[in-house]
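A quick write-up on the structure given underneath.
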Amino acid sequence: MNDTDQSNNVDALLAKFGFDSTHCFIGGVWQAPLDGETLQLLNPSTAENLCAIARGKPSDIDAAVAAAQTAMQTGWGRATALQRGRLLMRLGQLVLDHVEELAQLEALDVGKPLKQARADAIALARYCEFYAGAADKIHGETLPYLEGYTAYTLREPHGITGHIVPWNYPMQIIGRSVGAALAMGNACVLKPAEEACLTALAFAELASQAGLPAGALNVVPGLGAEAGSALSSHPGINHISFTGSVATGTLVQSAASASVVPVTLELGGKSAQVVFDDADLDAALPFLVNAGIQNAGQTCSASSRLLIQRGVYQALLERLVDRYSQLQVGNALADLDVGPLISAKQKDIVSSYIDRGNDLEKVAMGELHEGAGNGHFVLPTLFAGVPSDHVLAQEEIFGPVQVVIPFDDEDEALAIANGTPYGLVASVWTNSGARQFRMAKALRAGQVFINNYGAGGGVELPFGGVGKSGHGREKGFEALYGFSTLKTVAVSHG
Ligand code: NAD
């Protein structure tokens, strides 16, 4: 079978889930957008039409917010923590029952190789399970106060939460934000990305099958400047969770500020892995490459910078080159190392960055698989000996491009690692225990991994950035604080 034979599977997959991709999910019902317009999704592996989706407009966002408000005043707003947990557990099980279909939808829609899409579907189930278990374990506290008083705190939902997600990891990002918001008892309005939204719709269908009350989760696909902008400026929203670019994040934050709505921003990154001379290079090697090329480098926490101490620089570089040269690029359904980029536009952006590296030493590239077709493919590219202030070492490329930067000592490694406007993830490879602690403390990042690297991985681990990588934390138990507000009660009883 050639790489593209399965690419028209989408109709069969949608039929299995039983929803119409041109509809929004509002108030527990699939319905066409009010003015009936649609957008066209493309399959990134073939650059051919995939299917049409709804072009939600501000009026559809109004309807979704109204449905969420009704849900908060009726069934969903009265659900106990135990009931919410059980619903999420059922939803997690339904996701697990549909891992294969979800993975295929995501592979067709996002272009990620099937094994990565499968891992994302399993992560979505895991978020449901984690937040199912957490729903009835988060609580307020009693507070020592004046004689004759009892004081305590209540942890309450914000009310209506807006979720604006990008195209690169729809299932994981929906799992971590919608999962935590539902566990806390919020009603959600989700605006998936216009480039890829099929698994968001499938998730809504599964939520409905799990018994989630009408209006607790509403999904309105559409353009950022239309549906996204309407959601972030909507006066009926009580919290916004945004994942995407820095440029859009600042727009969302200022739109929400008009209604004094709190915002969580999960933005970009330029994450570094720092390899010292005493590191276990065998253990490091797969992490160094995979964390850069996973999802074709379209990962906020991709490790796009590899800092290598001079004592092992040459030997490790040779091994990196060897690994890079074996990377196979092709159709997502062929399940190779690297799939296509999401769009022709993203391919142009990444290709122009590679061109801007013409003054650098390009030491290795991956290979296009036979029969790859006409998708938005960019070969993984490794640059070595890169000055830390070069544009390729400073800006987020969001493609399968890594730069290797040599360093002499710990101080220099820290200065380079911390020397970008971002601070999402970092890792350190060293066998020196003291250095592990020093580096973990000094690195400016929301997550630091020692002798491993989790590109956003770990459902249990709080995740988020500093600097231009954003603010607020999702994932883990910490997310439940973000998706709730605290009320203090003081009772005078004499
Ligand atoms: P983007 O900002 O263009 O789009 C993200 C979402 O915002 C989409 O749903 C889009 O429709 C919506 N949007 C666009 N304009 C809007 C507006 N004016 N108002 C409201 N919403 C609007 O980002 P992208 O290019 O799709 O995604 C890539 C970026 O996302 C990268 O910078 C990447 O680092 C970042 N990202 C961050 C994380 C994280 O967790 N930190 C995860 C994934 C991606």
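The values are calculated or read from the model by the stated rules, or taken from the named source; none is laboratory data. Remember, it's a predicted structure, so these values are computed and weren't measured experimentally. We place every Cβ from the backbone using ideal geometry, glycine too, and count neighbours over all the protein chains shown. Heads up: the accessible areas ignore ligands, DNA and RNA and are worked out on the full protein's heavy atoms, side chains in. Shrake-Rupley method; radii C 1.70, N 1.55, O 1.52, S 1.80 Å.
Things worth noting here:
- Cut-off under 5 Å, modelled amide H: who pairs with W429 long-range: V274, V275, F276, N451
- Label sites at K137 and A315, each approximated as a point 7 angstrom past Cα along Cα to Cβ, lie 4.4 nm apart.
- The angle between the Cα long axis of helix 246-257 and the main principal axis of the chain comes to about 20°, on a 0 to 90 degree scale.
- Legend: residues I160, I349, sorted from most to least accessible area (1.4 Å probe; ligands, DNA and RNA excluded), read I349, I160.
- Rounded percent of accessible protein surface that carbon and sulfur make up, region 221-305, 1.4 Å probe: 61
- In Hz, Karplus ³J(HN,Hα) per residue of region 64-80 (6.51, -1.76, 1.60; θ = phi - 60°; x = Gly, Pro): 5, 5, 5, 5, 5, 5, 4, 4, 5, 7, 10, x, 5, x, 9, 5, 7
- Here the relative contact order of the chain, from alpha carbon pairs under 8 Å that lie six or more residues apart, stands at 19 percent.
- From helices alone, the chain scores -11500 deg cm²/dmol at 222 nm; the rule is -39500 (n - 2.57) for each run of n ≥ 4 DSSP H residues, then divide by the residue total.
- Computed over region 272-458: relative contact order in percent, which uses C-alpha pairs under 8 Å that are six or more apart: 29
- At most 14 other Cβ within 10 Å, DSSP loop - GluC sites (Glu not before Pro), region 351-380: E370
- Other-chain or far-sequence residues with amide H under 5 Å of A193's (modelled H): V165
- Spatial offset of region 235-263 relative to region 198-225 amounts to 21 Å, using the alpha carbon center of each.
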